[in-house]
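First up is the structure itself, then whatever we jot down about it.
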Amino acid sequence: MEHEKINYIELSARDLIANKTFFTNIFNWQFVDYGPEYSAFNNAGIDGGFYQSDLHASTANGGALVVFYSTDLEGTMAKIQQAGGTIIKENFSFPGGHRFHFSDPSDNEYAVWSDKSV
């Protein structure tokens, strides 16, 4: 652990089981449950957890945006859709690459970007 660096992130989830299945299937996250309303994850680039909540995060309501990196943007998009995720912003270019936004089963917004050709 590094002093005064981001060490852990906690995200809301309406449906912990659905979120755990979703992120395991797409990104190979691993989970440890701490009671019925919290599940910690690892193998995500940063450790964190999902807590039970009816609220969700989106950029429209000022939420922080968690951004994943992919060397195969189209492949990652397909995996997200196959796992039941919703594409909420189609693939677009920006200085440095391309990205799209998606929501998980709890309606939280995330993005995936790549600097590789699409």
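A few remarks follow.
- Hull shadow area, averaged, the chain [alpha-carbon convex hull, nm²]: 8.0
- Cut-off of 10 Å, at most 13 other beta carbons, DSSP loop: longest stretch of the chain lacking such chymotrypsin sites (Phe, Trp or Tyr not before Pro): 35-118
- Count Lys and Arg as plus one, Asp and Glu as minus one, and take only other residues whose Cβ is under 12 Å from that of SER53; the net charge is then -4.
- Vicinal HN-Hα couplings computed from phi for segment 64-70 (Karplus, 6.51 cos²θ - 1.76 cosθ + 1.60; Hz; Gly/Pro x): 5, 10, 7, 10, 8, 10, 9
- Nearest-ten-degree value, helix 16-27 long axis tilted from longest Cα axis of the chain: 40
- Angle between the chain longest axis and helix 73-82 axis [Cα atoms, degrees, rounded to 10]: 50
- Tail beyond 17 Å, pair distance distribution of segment 60-113 (Cα, percent): 29
- Along the chain, counting only trypsin sites (Lys or Arg not before Pro) with a DSSP assignment other than H, G, I, E or B and at most 16 other Cβ atoms inside a 10 Å radius, the longest segment between sites is 6-115.
- Report summary: the helix-based calculation at 222 nm, which adds -39500 (n - 2.57) for every DSSP H run with n ≥ 4 and divides by the residues of the chain, gives -5500 deg cm²/dmol.
- Charge tally in the Cβ shell below 12 Å around GLN30, where Lys, Arg are +1 and Asp, Glu are -1, GLN30 excluded: -1
- Net charge, GLY85 excluded, C-beta distance under 10 Å - Lys, Arg +1, Asp, Glu -1: 0
- About its Cα centre, the chain has a charge dipole of approximately 280 debye under the convention of +1 per Lys or Arg Cβ and -1 per Asp or Glu Cβ, with nothing else charged.
Values quoted throughout were computed directly from the atomic coordinates according to the rules given, and no laboratory measurement underlies them. Worth saying up front: this structure is predicted, and the values here are computed from it rather than measured. As a convention, Cβ positions derive from the backbone with ideal geometry for all residues, glycine included, and neighbour counts pool all protein chains shown.
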